[in-house]
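The structure under discussion appears below in the form of structure tokens.
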Amino acid sequence: MKRVPVTIISGYLGAGKTSLINRILAESHGLDLTVIVNDFGAINIDADLIRDTENGTIALSNGCICCTMGTDLALTLRQILDRPEQPGHLVIEASGISDPVAIANTVMGESGFSYAGIVTVVDGLNADTLLQDEEIAPQVLQQIRAADLVLVSKCEAIDADLADQLKAAGARTPTVLDGAPVSDLLFDVVPLPKGRSVAAHPAYATWQHQSRDVLDRRALGDKLASRPDGLYRMKGYVLTTGGAYELHIVGRHVEARHCDADETLLIGLGPAGRISPEQIEAWWTGQPDAQSQAGGHA
């Protein structure tokens with residue numbers, strides 16, 4: 001039986017993994033792809049953000065794929081092999097707080113699949129901040145060290161400081177994720193042997209909100225500007241009086257663009273020592289009393 005090659009797309013929160021997969025699905029590479037999407041919340045927004053699902057997207061939505069989904073991932077891999085027609089290539093989008101080495105080890109433990117490499121996306125705008133954060137940096141560094149290919153997003157060129165940081169982190173030939181086709185890069189990766197997983201990620205607080213509430217469009221900018229410092233990542237859709245918006249927040253960077261949506265659907269995440277779900281909920285719903293009472297929750 002021919003083994004199905006598996007490429008793992010890794011990278012910290014908001015690095016651009018979903019955008020990369022959208023590009024892969026849109027390119028003319030001639031491969032029959034299946035994508036496993038994993039999100040960090042109970043509401044799987046990434047599966048909605050994958051715009052081309054004709055090639056068979058499988059959404060796994062109940063946690064970090066390296067910590068709570070090892071069994072589910074193995075089961076899903078076996079289900080793929082049981083299909084009458086197997087894919088030509090499998091792509092796993094790991095959650096932003098996952099360990100790609102653990103996922104690679106699960107793949108290599110399943111007969112019928114061949115390991116085709118780890119590709120780690122590095123956020124070119126926020127890498128410096130992440131790598132200086134004592135709590136987050138070990139996880140980001142491990143994702144970089146684990147990569148067979150490092151793609152730097154959100155910049156046209158890698159500046160000297162970032163190049164030095166990536167070199168010190170052990171990045172192998174980092175490449176800017178520009179407008180050129182990426183499928184040739186990803187599917188020609190020559191993987192290196194993987195060792196044991198070494199860095200556990202810190203505890204994260206996750207928040208989710210789903211409603212049909214309509215927010216005043218002018219108030220949306222003020223709300224986003226006043227978001228809690230510990231809320232590192234938020235994404236989803238918001239209904240406003242000016243139409244629906246797709247939101248992406250990564251650290252201090254905020255992006256909002258018009259979209260088609262019929263409900264407000266958001267997920268947020270931050271280090272548990274800095275933010276709690278109650279604090280995020282209090283900020284979003286405008287309940288200062290609840291926010292002040294949420295202080296010690298982890």
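The values are calculated or read from the model by the stated rules, or taken from the named source; none is laboratory data. Keep in mind the model is a prediction, meaning the values are calculated, not measured. Methodologically, a virtual Cβ is constructed for each residue, glycine included, from the backbone with ideal geometry; neighbour enumeration extends over all protein chains shown. Protein only, heavy atoms only, side chains kept; ligands, DNA and RNA dropped before computing areas. Shrake-Rupley method; radii C 1.70, N 1.55, O 1.52, S 1.80 Å.
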Out of ALA244, ALA256, ALA205, sole residue that is small (Gly, Ala, Ser), within 17 Å of ILE136 (Cα to Cα) and either in a strand (DSSP E or B) or in the same structural domain as SER95 (by the TED database) (or both) = ALA205
PRO277 open to solvent by 30 Å² or more (accessible area, probe 1.4 Å) and modelled with pLDDT of 90 or more = yes
Considering only residues that are in contact with a Lys or Arg (Cβ under 9 Å, 6 or more places away or on another chain) and of a type in the set (A, V, I, L, M, F, W, C), look in the stretch 239-276 and name the one that is nearest to GLY124 (Cα to Cα).
-> VAL250
Could you list, in sequence order, all residues of the stretch 213-227 that are surrounded by 11 or more Cβ atoms within 10 Å (Cβ to Cβ) and either within 11 Å of VAL254 (Cβ to Cβ) or touching a residue at least 60 places away in the same chain (Cβ under 8 Å) (or both)?
-> LEU220, GLY221, LYS223, LEU224, ARG227
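With respect to ALA219, determine if the residue is of a type in the set (Gly, Ala, Ser), at pLDDT 80 or above, part of a strand (DSSP E or B) and more than 20 Å from ALA15 (Cβ to Cβ). Full working, then the answer.
Working: of a type in the set (Gly, Ala, Ser): yes; at pLDDT 80 or above: yes; part of a strand (DSSP E or B): no; more than 20 Å from ALA15 (Cβ to Cβ): yes.
When the stated conditions are applied, ALA219 does not pass them.
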Given the conditions (1) buried (at least 20 other Cβ atoms within 10 Å of the Cβ); (2) farther than 21 Å from SER28 by Cα, which single one is not true for GLY170?
-> (1)
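Among the residues of the stretch 106-141 satisfying the criterion of being open to solvent by 20 Å² or more (accessible area, probe 1.4 Å) and within 16 Å of the chain's Cα centre (by Cα), which is farthest from ASP188 (Cα to Cα)? Give the derivation first.
So in the stretch 106-141, the residues open to solvent by 20 Å² or more (accessible area, probe 1.4 Å) come out as 106, 108-111, 114-115, 124-125, 128-129, 131-135, 138, 141.
Narrowing the set further to residues that are within 16 Å of the chain's Cα centre (by Cα) leaves 124-125, 141.
Working: GLY124: 23, LEU125: 27, LEU141: 24 Å.
Step by step, filter the stretch 106-141, then rank; the result is LEU125.
Scanning the stretch 93-105 for residues that are small (Gly, Ala, Ser) and more than 14 Å from the chain's Cα centre (by Cα), which turns out least open to solvent (accessible area, probe 1.4 Å)? Write out each step before concluding.
Of all residues in the stretch 93-105, those small (Gly, Ala, Ser) come to 94-96, 98, 102, 104.
Adding the requirement that they be more than 14 Å from the chain's Cα centre (by Cα) leaves 102, 104.
Details: ALA102: 28, ALA104: 0 Å².
Among those residues, the one meeting the criterion is ALA104.
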Is it the case that ILE144 is in a loop (DSSP other than H, G, I, E, B), within 13 Å of TYR12 (Cβ to Cβ), aliphatic (A, V, I, L, M) and open to solvent by less than 50 Å² (accessible area, probe 1.4 Å)?
-> no
